[in-house]
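Accompanying notes for the structure given below.
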Amino acid sequence: MLNSNFRSVCACWVVSIVLGGPFAGSAASAANYTEKPGKEGDGDHTIGPDYRMDLDLTDRGNPKGRSFEFSMRLADSRIFRGDDSTLEPKKKAVREERKIFVYVPAAYKDGTKAPILVTHDGPSRLDLVRNALDNLTISKDPKRRLPAFIVIAVQNGGNDGKNSERGLEYDTMSDRFARFINDEVLPAVLNNSEIKAAYPKIAFTDNPWGRAAMGCSSGGAAALTMGWFRPDLFRRLITYSGTFVDQQDDDAPEEARYPLGAWEYHSSMKLIENSEKKPLRIFTHVSENDNRSKDPEETYHNWVMANRRTAAALKAKGYNYRFVYSRATRHCDRKVFEQTLADTLIWVWRGYHAD
């Protein structure tokens with residue numbers, strides 16, 4: 001028998017397909033799609049304490065793509081207007097508009113349905129992703145090659161933690177943020193006049209296996225949550241220093257079902273292990289000094305414990321997962337990205353092909 005969480009996800013798929021929308025056919029698109037990524041790189045890995053920059057994340061003089069930037073007013077959104085009752089705007093300011101950064105790699109051919117990578121807290125780490133695309137979309141090594149995905153780096157709505165717009169967007173246990181990206185951000189990119197002038201036939205794949213999300217900290221939690229609640233939209237997930245802890249707003253409606261927020265992925269509720277296995281490919285990471293708390297009363301805020309337990313739950317359920325523990329590093333430590341991000345992107349996209 002299917003549990004209630006899986007039934008609710010299935011209901012979302014049906015509603016999306018029935019009601020339409022810019023990517024309503026994504027579940028159908030994946031129905032006849034198959035890939036064989038294998039097990040290479042899966043499992044638990046430890047790195048450090050010494051780190052080096054991966055040369056594939058540097059400018060190696062290869063052809064460059066095109067960069068674009070535009071803004072979206074929160075007041076124009078139907079999903080995140082910046083006026084939720086959970087917010088405390090006098091203490092934690094809400095942005096009037098968020099910036100959207102887009103990178104179209106040189107290897108992209110106008111008119112093809114591009115795979116995409118949505119990154120949170122844009123433009124964080126976008127420089128490294130751009131270099132990876134420039135270098136690895138033209139790699140002659142089939143085991144070290146990336147598809148020509150388009151990157152959409154989305155700025156958060158402002159501030160951090162409980163009662164903030166960023167916290168609402170990233171730490172809430174629902175499909176709301178996935179819907180915001182799918183229903184509002186992606187169409188805005190496709191309809192942007194500057195982008196359309198450069199790529200008149202630009203298009204995104206509606207195959208969820210061609211759609212990835214990446215973030216750090218609460219942005220990492222958001223990446224997992226996007227895929228967890230809407231695997232019909234996003235299936236390749238990258239989380240660095242993920243906040244799989246209790247940071248959901250205390251007065252959020254989702255507290256009734258998930259009282260400990262993202263901690264419930266690995267809590268006694270065992271959300272990951274007790275739910276139907278979802279079609280997801282998941283990378284997670286935590287740093288040795290990643291907001292570790294030794295206070296027993298702060299158990300639900302221990303990043304290291306939370307990420308280890310999340311990885312263990314993914315393993316127990318049989319997911320294609322990769323977990324990296326980095327020694328002698330801190331929260332969202334750039335040197336971890338500089339050493340691992342190329343390998344992470346290669347692993348998460350392994351097996352993908354245009355359908």
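Every read-out reported here was derived from the displayed coordinates using simple, explicitly stated rules and does not represent laboratory data. Nothing here was measured: the structure is a model prediction, and the numbers come from that model. Cβ: placed from backbone, ideal geometry, glycine included. Neighbour counts: every protein chain shown.
In what order do Lys140, Lys91, Lys278, Lys270 fall by count of nearby beta-carbon atoms within 10 Å, going from fewest to most?
On the way: Lys140 6, Lys91 9, Lys278 19, Lys270 15.
Placing the least packed residue first, the sequence is Lys140, Lys91, Lys270, Lys278.
Starting from the Cα gyration tensor of segment 219-329, take the square roots of the eigenvalues, sort them a ≥ b ≥ c, and report rounded, prolate or oblate (rounded when a/c is under 1.5, otherwise prolate if a/b is larger than b/c, else oblate).
On the way: a/c = 1.64, a/b = 1.10, b/c = 1.48.
Oblate.
Quick check: Cα centre of segment 163-180 to Cα centre of segment 106-161, how many Å?
What the calculation gives is 22 Å, centre to centre.
For segment 126-133, in order, what is each residue's ³J(HN,Hα) by Karplus, 6.51 cos²θ - 1.76 cosθ + 1.60 with θ = phi - 60°, in whole Hz (x at glycine and Pro)?
Couplings: 5, 4, 6, 5, 4, 5, 4, 5 Hz.
Using amide H atoms built 1.01 Å from N in the peptide plane, name the residues 5+ places from Thr137, or on other chains, whose amide H lies under 5 Å from its own.
Residues meeting the criterion, in which the H sits 1.01 Å from N, are Leu146.
Using just the helices of the chain, give the 222 nm mean residue ellipticity in deg cm²/dmol: DSSP H runs with n ≥ 4 each add -39,500 (n - 2.57), and the total is spread over all residues, rounded to 500.
Values: 11 runs with 103 residues, N = 355.
Dividing the helical sum by the residues of the chain leaves -8500 deg cm²/dmol.
Per-residue HN-Hα couplings for segment 234-248, Karplus 6.51 cos²θ - 1.76 cosθ + 1.60 at θ = phi - 60°, whole Hz, x for Gly and Pro?
Going residue by residue, I get 9, 10, 10, 10, 10, 10, 10, 6, x, 8, 7, 10, 8, 10, 5 Hz, with x marking Gly and Pro.
Compute the Cα gyration tensor for segment 165-260, then decide on rounded, prolate or oblate, letting a ≥ b ≥ c be the square roots of its eigenvalues: rounded whenever a/c is under 1.5, prolate when a/b is larger than b/c in the other cases, and oblate in all that remain. Mind showing how you got there, number by number?
Details: a/c = 2.34, a/b = 2.07, b/c = 1.13.
Because a/c hits 1.5 or more and a/b exceeds b/c, segment 165-260 counts as prolate.
Considering only DSSP beta bridges where both residues belong to the chain, give the percentage that are antiparallel (nearest 5).
Values: 12 of 46 bridges.
Antiparallel: roughly 25 percent of the beta bridges in the chain.
Under 5 Å between amide hydrogens, which residues at least 5 positions from Ala114 or on another chain qualify, with H placed 1.01 Å from N in the peptide plane?
Here Ala203, Phe204, Thr205 satisfy the definition.
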